[in-house]
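**Q** Handing you a structure now.
The values are calculated or read from the model by the stated rules, or taken from the named source; none is laboratory data. Since we're looking at a predicted model, the values are computed, not measured. No Cβ is skipped: glycine too gets one built from the backbone with ideal geometry, and neighbour counts run over all protein chains shown. Protein only, heavy atoms only, side chains kept; ligands, DNA and RNA dropped before computing areas. Shrake-Rupley method; radii C 1.70, N 1.55, O 1.52, S 1.80 Å.
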Amino acid sequence: MKRGLLMLVGIAVLFILANSSEAAPLIPNIDLKVGTSENPQEVATTLQVMAVLTVVSLAPGILIMTTSFIRIVVVIGFLRNAMSTQNVPPNQVMISLALFLTFYLMAPYWSQANDQGLQPYLAGQISQEEAIDNVLAPMREFMFKQTRESDLALFVNLSDAERPESQDDVSTFTLIPAFIISELKTGFQLGFMIYVPFIVIDMIVASTLMSMGMMMLPPVMISMPFKILLFVMVDGWHLLMRSLIVSFR
């Protein structure tokens, strides 16, 4: 009862103070206005802020589509399906593993972009255009290493652009989709190699159950423990991570 009365008194006091013209406002007021400007420099600054906000909102997509994340998450997804473990490992664990492995693989390139592009720009040593070029340079180097020439030629021909004489003549907007489909193809190739031993186990278990006349028993229930046992005995996570890292070098 006493606590309830104290709470009611406190609420009443806050209400009186909020409606009093002499009291200071309790909640800060934020006023955002959109008006006209006579100074072109202010307009340019506003457009730059909007561009930065747009890039930040697209950062997850940029991180996924221009790094090693695609191949890693595709291969881990194939592994989970091949072992018939449904949602084990969970999606959150699978995405986190792919994300941190991406950080590990991309650290040298991001460090180079930071040293050559971001830090000199923040120090006022280079212009914004030079900073963007220096940041993109290591990322383009990584993507060119992992992109097949046939995939790159496909998008170059479809863009009706002039035949590039060097990698510098290839647009980044042409390189990115070529890199994506190359990573998907490589991920599917690795996924096929992962599927082979588990398919053999499924065939052996299914044949054994049919020979015993146990056709009503789902083979997946019997084969899944053997798949997990095989994966643990060969230290599958160690082999998988090593194969993924080596595939990028």
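**Q** Could you put F78, F179, F188 in order of accessible surface area, largest first, with the 1.4 Å probe and the full protein assembly present?
**A** Greatest to least solvent exposure: F188, F78, F179.
**Q** If you don't mind, there's one more thing I want to ask. Per residue, how much accessible area does the stretch 138-217 show when a 1.4 Å probe rolls over the protein heavy atoms, in square angstrom?
**A** 66
**Q** Continuing with the same structure: Please list S182, S96 from largest to smallest accessible area, probe radius 1.4 Å, with all protein chains kept in place.
**A** Per-residue accessible area, sorted high to low, gives S96, S182.
**Q** Treating the Cα atoms of the stretch 149-240 as identical point scatterers in vacuum, please give the log10 of the normalised Debye intensity I(q)/I(0) at q = 0.20 Å⁻¹, two decimals.
**A** The computed values of log10 I(q)/I(0) come out as -0.94.
**Q** For E129, what accessible area in Å² do you get when you roll a 1.4 Å probe over the heavy atoms of the protein chains, rounding to the nearest 10?
**A** About 120 Å², ignoring ligands and nucleic acids.
**Q** Can you give me the % of accessible surface on the stretch 138-249 that is carbon or sulfur? Probe 1.4 Å, all protein chains present, nothing else counted.
**A** Percent of accessible area from carbon and sulfur atoms in the stretch 138-249: 68.
**Q** With charges set only on the Cβ (+1 for Lys and Arg, -1 for Asp and Glu), what does the dipole of the stretch 80-236 come to about its Cα centre, in debye to the nearest 20?
**A** Roughly 1000 debye, rounded to the nearest 20.
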